[in-house]
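Reading through the structure tokens given below for one structure.
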Amino acid sequence: MAFPTGWARKQKITIQSSEVSGAGSYSNFPVLITLDHLNSEIVDGGLNSALNGGGDIRFSSDSVGSTQLACEIVEFVVNATSGSRKASIWVKVPSISTSFNTDFYIWYRKSGESLPVISDPFGRNAVWTDYPFVSHDGGKTDSTGNATPTEIGSPTNAIGPFGTSNGAREWA
């Protein structure tokens, strides 16, 4: 892949060390990127916006893009109306620390790109290599690529300590 050749825009994202719990550092850590972390230009649907769906979004750990990072775009919607924009992206950051800030970069604005396939070294499965199961949709899809869960029985309402659930499901 000729990354980052052809990507027109990038933005630095910083993880503040004061926002990292514990002590020391964490390796290969999945970080959630939301609208709160992105410049409005990326999602405003304008001339410098990323593609709707995020197909042209890539990440790197350095400002020149020599070290690409794996990412999973769960949801990415660009729109001129701010209330209609959405971003839920997981990025596998090589290291985050409680002692120093961690910078990485989002690259965007390259027409004709599509998301890396899920089994690509920079695709969805690579974000979750250290996890047995990850679901963003209530258990229907395993983002690790390790398993495809199967629903057991049919949904039922269940009464618990905080009230009644609406269609509890059991997955195997």
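Residue pairs whose Cβ atoms lie under 6 Å apart, sitting 6 or more positions apart in sequence or on different chains, and linking a residue in region 67-95 that is under 24 Å from Leu47 (Cβ atoms) and in contact (Cβ under 8 Å) with a residue 40 or more places away in the chain to a partner that is surrounded by 15 or more Cβ atoms within 10 Å (Cβ to Cβ) and among the aromatic types (Phe, Trp, Tyr), are Cys71/Phe59; Ala87/Phe76.
Of all residues in region 49-86, count the ones that are surrounded by fewer than 16 Cβ atoms within 10 Å (Cβ to Cβ) and not acidic (Asp, Glu). Even if it seems obvious, please write down each step before you answer.
The first filter runs over region 49-86 and keeps only residues surrounded by fewer than 16 Cβ atoms within 10 Å (Cβ to Cβ), leaving 52-53, 62-64, 66-67, 75, 77, 79-84, 86.
Narrowing the set further to residues that are not acidic (Asp, Glu) leaves 52-53, 63-64, 66-67, 77, 79-84, 86.
Of the residues in region 49-86, 14 are surrounded by fewer than 16 Cβ atoms within 10 Å (Cβ to Cβ) and not acidic (Asp, Glu).
Within the span defined as region 36-48, every residue fails to be small (Gly, Ala, Ser), open to solvent by 60 Å² or more (accessible area, probe 1.4 Å) and within 17 Å of Pro94 (Cα to Cα).
Of everything in region 96-106 that's among the aromatic types (Phe, Trp, Tyr) and within 25 Å of Asp44 (Cβ to Cβ), which residue is least open to solvent (accessible area, probe 1.4 Å)? Among residues in region 96-106 that are among the aromatic types (Phe, Trp, Tyr) and within 25 Å of Asp44 (Cβ to Cβ), the one least open to solvent (accessible area, probe 1.4 Å) is Phe104.
Restrict the check to region 13-23 and report whether at least one residue is in a strand (DSSP E or B) and of a type outside the set (Ser, Thr, Tyr). Full working, then the answer.
Taking region 13-23 first, the residues in a strand (DSSP E or B) are 13-15.
With the extra rule that they be of a type outside the set (Ser, Thr, Tyr), the set shrinks to 13, 15.
Yes, region 13-23 contains at least one residue that is in a strand (DSSP E or B) and of a type outside the set (Ser, Thr, Tyr).
State whether the residues of region 110-121 include one that is open to solvent by less than 30 Å² (accessible area, probe 1.4 Å) and closer than 22 Å to Leu47 by Cα. No, region 110-121 contains no residue that is open to solvent by less than 30 Å² (accessible area, probe 1.4 Å) and closer than 22 Å to Leu47 by Cα.
The values are calculated or read from the model by the stated rules, or taken from the named source; none is laboratory data. In this text, all values refer to a predicted model and were calculated from it rather than measured experimentally. Quick reminder, even Gly has a Cβ in these numbers, built from the backbone with ideal geometry, and neighbours come from all protein chains shown. Remember, those area values only see protein heavy atoms, side chains included, never the ligands or the DNA or RNA. Shrake-Rupley method; radii C 1.70, N 1.55, O 1.52, S 1.80 Å.
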